[in-house]
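All remarks here apply to the structure that follows.
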Amino acid sequence: MALIAPAVLTVLGSGFGKEKLALTRSLYFAMLPILILKGLVTVWTTRLNARDQFTFASAVPILTPILTVAALFYGAGQWGIYALAAGTVSGALLEAVIIAWYLHSLSITLVPRWSGWSSDLGLVMKQYGPGVAGALFMASTMLVDQAMAAMLGPGSVSALSYGGKVVSFALAVGATALGTAVLPHFSRMVAAADWEGVRHTLRTYVTLILKVTIPLTMIGVLLSEWIVGVLFQRGAFTATDSHVVGQVQALLLLQVPLYLAGIIVVRLISALKANHILMWGCVLNFIVNIVLNYTFMQWLDVAGIALSTFVVYAISVTFLSYMLVDVLRVRERHQ
């Protein structure tokens, strides 16, 4: 990633001036350690989940958004945008340290060991390819958002980044907890061919998520500009910036109910060993995201990218839900 930085940043920052491109390069290198730290956290969290340590594993990821917001709140005046990088990297490092300590306390080794090939590993590898492909497309979607924001006026990339901080916090708290808890539960029911239990659990979780998150989301949307002002408005961050970022944040918040409900659908699809559906869903998201970003940017500027994200998730959840119903119908028929 460090070696390809000049080429990648030149393409993604094609609309940047020399000073802005230099700043982007500095931030890029400052945040590169996150790749290693998050990789370790992902592997170690999987080991915790295998020991049914779901509560601890789902609680730790909230540290990064908390430290990021804290760094922006207390350090933006002194460090500027570098406070964002410092908070994000510090959060990832703290996550890794805490999970490593907890694994050690459970006498679980931090370094994975090869135990030879097995039929179970073969099943995992069969699902791994589509899963990785889907993850790459989803990661590319985020890059597309940043790159297309860079095509707009000065400050657009920053507005999109600041507007996503509170949303990222909400998703980190909700998505990690839900995803970690429901996957083993779904896996056990699928293994037992308890299709009625699967449907009941799916309906219960999705209904509860929507009932809780929709009212909270509406409150967040109404208070969005005030929240941004309280968290970020100081130093070079003006009231005008609060207004722009508040609009972006309000539209990004709309995705929360759909995103969290989608987590349940995604985990059930994974439990059904149908990751190829997730891969094609991510391909669909990638294409639709580009089209809608461009369309809504003409209308709402950088806030259009935030609106596009909401619509993309609406389409994605609809597609995945339709495919899930079809898979469940086939599985029930073959039992």
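The values are calculated or read from the model by the stated rules, or taken from the named source; none is laboratory data. Please read these numbers as outputs of a predicted model, since none were measured by experiment. Using ideal geometry, Cβ is built from the backbone for each residue, glycine included, and neighbour counts are taken over all protein chains shown.
Determine which member of the set SER156, SER224, SER187 is in the same structural domain as LEU324 (by TED's automatic domain parsing) and surrounded by fewer than 22 Cβ atoms within 10 Å (Cβ to Cβ). Walk me through it before giving the result.
Numbers: SER156 fails: surrounded by fewer than 22 Cβ atoms within 10 Å (Cβ to Cβ); SER224 fails: surrounded by fewer than 22 Cβ atoms within 10 Å (Cβ to Cβ).
On inspection, the qualifying residue turns out to be SER187.
For segment 273-292, indicate whether the set of residues that are more than 24 Å from LEU178 (Cβ to Cβ), surrounded by 21 or more Cβ atoms within 10 Å (Cβ to Cβ) and either at pLDDT below 90 or not aromatic (Phe, Trp, Tyr) (or both) is non-empty.
Checked segment 273-292: no residue is more than 24 Å from LEU178 (Cβ to Cβ), surrounded by 21 or more Cβ atoms within 10 Å (Cβ to Cβ) and either at pLDDT below 90 or not aromatic (Phe, Trp, Tyr) (or both).
Hey, could you check segment 63-115 for residues that are in contact (Cβ under 8 Å) with a residue 60 or more places away in the chain and not in a helix (DSSP H, G or I) and say which is nearest to PHE29 (Cα to Cα)?
Going through the qualifying residues, I end up with ILE81.
Only one of ALA76, ALA59 is small (Gly, Ala, Ser), surrounded by fewer than 20 Cβ atoms within 10 Å (Cβ to Cβ) and at pLDDT below 80; which? Don't jump to the end; show me each part of the working.
Details: ALA76 fails: surrounded by fewer than 20 Cβ atoms within 10 Å (Cβ to Cβ).
Criteria check complete, one pass: ALA59.
What residue, of GLY80, GLY75, GLY91, GLY87, is of a type in the set (Gly, Ala, Ser), outside the structural domain of LEU178 (by TED's automatic domain parsing) and at positive phi? Step through it out loud before you land on a result.
Details: GLY75 fails: at positive phi; GLY91 fails: at positive phi; GLY87 fails: at positive phi.
Answer to the check: GLY80.
Just checking, does segment 167-189 include any residue being over 23 Å from ALA314 (Cβ atoms), outside any helix (DSSP H, G or I) and not polar (S, T, N, Q)?
Checked against the condition, which is being over 23 Å from ALA314 (Cβ atoms), outside any helix (DSSP H, G or I) and not polar (S, T, N, Q), segment 167-189 yields no hits at all.
State the number of residues belonging to segment 12-56 that are modelled with pLDDT of 75 or more, among the small types (Gly, Ala, Ser) and assigned to a loop (DSSP other than H, G, I, E, B).
Final tally of qualifying residues: 0.
In the set LEU292, LEU284, LEU278, LEU307, which member is in a helix (DSSP H, G or I), in the same structural domain as ASP241 (by TED's automatic domain parsing) and under 15 Å from ILE263 (Cβ atoms)? Talk me through it step by step, then tell me what you get.
Values: LEU292 fails: under 15 Å from ILE263 (Cβ atoms); LEU284 fails: under 15 Å from ILE263 (Cβ atoms); LEU307 fails: under 15 Å from ILE263 (Cβ atoms).
None of the others qualify; the one that does is LEU278.
Is segment 157-165 home to any residue that is charged (D, E, K, R) and part of a loop (DSSP other than H, G, I, E, B)?
No; the residues of segment 157-165 include none that is charged (D, E, K, R) and part of a loop (DSSP other than H, G, I, E, B).
Consider VAL256 against the criteria (1) crowded, with 22+ Cβ neighbours inside 10 Å; (2) under 21 Å from HIS200 (Cβ atoms): it satisfies all of them except one. Which criterion is unmet?
Condition (2) is where VAL256 drops out.
Out of the residues in segment 221-251 meeting the condition of being part of a helix (DSSP H, G or I) and of a type in the set (Val, Ile, Thr), tell me which one is nearest to the chain's Cα centre (by Cα). Break it down stepwise before answering.
From segment 221-251, those part of a helix (DSSP H, G or I) are 221-222, 224-232, 239-251; that's our starting set.
If we keep only those that are of a type in the set (Val, Ile, Thr) too, we end up with 221, 227-228, 230, 240, 244-245, 248.
Working: VAL221: 20, ILE227: 21, VAL228: 20, VAL230: 24, THR240: 28, VAL244: 22, VAL245: 19, VAL248: 17 Å.
Among residues in segment 221-251 that are part of a helix (DSSP H, G or I) and of a type in the set (Val, Ile, Thr), the one nearest to the chain's Cα centre (by Cα) is VAL248.
Just to check your reading of the model, which residue among PHE296, PHE237 is among the aromatic types (Phe, Trp, Tyr), surrounded by fewer than 23 Cβ atoms within 10 Å (Cβ to Cβ), farther than 16 Å from ALA175 by Cβ and in contact (Cβ under 8 Å) with a residue 24 or more places away in the chain?
On the way: PHE296 fails: in contact (Cβ under 8 Å) with a residue 24 or more places away in the chain.
Among PHE296, PHE237, only PHE237 is among the aromatic types (Phe, Trp, Tyr), surrounded by fewer than 23 Cβ atoms within 10 Å (Cβ to Cβ), farther than 16 Å from ALA175 by Cβ and in contact (Cβ under 8 Å) with a residue 24 or more places away in the chain.
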